[in-house]
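Worksheet: the structure to be examined is printed underneath.
The values are calculated or read from the model by the stated rules, or taken from the named source; none is laboratory data. Everything numeric in this text was worked out from a predicted model, so none of it was measured. Quick reminder, even Gly has a Cβ in these numbers, built from the backbone with ideal geometry, and neighbours come from all protein chains shown. These area figures cover heavy atoms from the full protein model, side chains too; ligands, DNA and RNA do not enter into them. Shrake-Rupley method; radii C 1.70, N 1.55, O 1.52, S 1.80 Å.
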Amino acid sequence: MSPEYQKNQNVRLKERLCQVTWGWYSMSMATGGIAVLLYNTPYQFAGLETIGKIVYIFNLVLFLSITLSLGFRFLTKSSALKESFQHSNETHFVGTCPLAFATIIIGAESYGTSACGPWLQAVLHIIFWIYVAISIIEAVFHNWYLYHHSMASQQPFALVRLLPSFPAMLSGTIASVLASKQPPKHALPIIIGGTTLQGFGFLMSLFVYGEYFYRLNKSGLPKPAERPEMFIAVGPWSFTALALIGMAKAAVEKFPSRYIISYADSSSSETITVTTGDIVLVIAALAGVFLWAIAFFCLCIAIASVLALCKLCGGAGAPGMSLPYWSMVFPNTGFVIATIRIGQVLQSEAVLWVASAMTILQVAIWLIASVATIWAVWTRRMLWPEDAEPDEREKEC
């Protein structure tokens, strides 16, 4: 047994827990997204909803475990929380916590309301506005902090700078799920609020996209270790498409028939055949198709970039398992759900069957990432302090 191996044997659970970072919430984001995807997949089979509920409950345990581990890290070392914001890479992933919580809210609406009754609807209505407040605070103050400390110059990979604004964008996705089952007096503000924040998050992402595509054209593909994070580019387009269609569908039921239209012609009392909700749905469907196309382009670029690393494709080999690989799950899940929404609104069986095949592939990717992560933790390639001596690791923790 080598001295190095003996030294590594002294690493305790406490020291391993100190390696948990904000980025570990990406696992919860992905798992919660898969639970939502299983609920929304168009062609269900007996037992699929039960499987989805199991995945959702597992995500609750995973989210709680990551939260407790981070809490342990921050309580063990008083400066750890401050240092997590000062770290040029980790600070950008603080937003993954509210993103993971967003999947919990959506899953609660999907799996819980039919069993729990109207009280859960009332609770989710309150939680939605709490989430909106938190996401606005995160977007404003975290982005200001990054600007103030010039974090962009320390984090050259542009796409991760989407994350502080991403929770606000997910407010629209949550609204698209909650609004349809809320009473009209609650649904209308939820739809308007969701549209507002979806628009904010999407426009913020456009600024980052400009730098991202500029660097792709000027400097070429990112470093091998960063290429899985290229899938983040799929997210904003996809989640905006599915949120717009979902909120528009709810608007058909919840908007007054002459809402907004009456502002231009308040004197008219004629019966109308096309309502405000109908108009919104048509516009949202066309916009969703428009956004889906660029999301598909970003997905193909990311897939080709990752495959180019494989030895079978002439590359030097893909890097070992790490947290960036989880970027291949959550954004792509949004793309699959957006495809489902487009298939439903266009009433296209072909699109829905394609989305079903994509669902299978997406679940397979999640399972592979899960097994690879468990194996990496077991074999001490993740959650393992590599460089510090035992006495130094003790100081770190």
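A compact table of results
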read-out: Residue among VAL274, VAL282 that is part of a loop (DSSP other than H, G, I, E, B) and not polar (S, T, N, Q); value: VAL274
read-out: Neighbours by Cβ (under 7 Å, 6+ apart or cross-chain): first from segment 140-168, basic (Lys, Arg); second surrounded by 21 or more Cβ atoms within 10 Å (Cβ to Cβ) and assigned to a helix (DSSP H, G or I); value: ARG161/HIS92
read-out: Extreme residue, surrounded by the most Cβ atoms within 10 Å (Cβ to Cβ), among residues of segment 152-176 that are of a type in the set (S, T, N, Q) and under 18 Å from the mean Cα position of the chain (by Cα); value: SER171
read-out: Residue ranges of helices (runs of 4 or more DSSP H) in segment 312-397 with at least 1 members farther than 18 Å from ALA241 by Cβ and at pLDDT 85 or above; value: 349-378
read-out: Subset of segment 16-29 (residues that are aliphatic (A, V, I, L, M), farther than 15 Å from ILE105 by Cα and open to solvent by less than 20 Å² (accessible area, probe 1.4 Å)); value: VAL20
read-out: Which listed residue, of HIS186, HIS149, is in contact with a His (Cβ under 6 Å, 6 or more places away or on another chain) and either open to solvent by 10 Å² or more (accessible area, probe 1.4 Å) or closer than 30 Å to VAL252 by Cβ (or both); value: HIS186
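Rundown of residues vs (1) open to solvent by 10 Å² or more (accessible area, probe 1.4 Å); (2) part of a helix (DSSP H, G or I); (3) more than 19 Å from PHE335 (Cβ to Cβ); (4) not small (Gly, Ala, Ser), yes/no style:
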site	(1), (2), (3), (4)
THR31	no, yes, no, yes
VAL36	yes, yes, no, yes
GLN44	yes, no, yes, yes
GLU49	yes, yes, yes, yes
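Results for (1) more than 26 Å from LEU221 (Cβ to Cβ); (2) modelled with pLDDT under 90; (3) open to solvent by 80 Å² or more (accessible area, probe 1.4 Å), shown as yes or no for each residue.
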site	(1), (2), (3)
TRP237	no, no, no
ALA250	yes, no, no
LYS254	yes, yes, no
SER262	yes, yes, no
SER266	yes, yes, yes
ILE283	yes, no, yes
VAL289	yes, no, no
CYS300	no, no, no
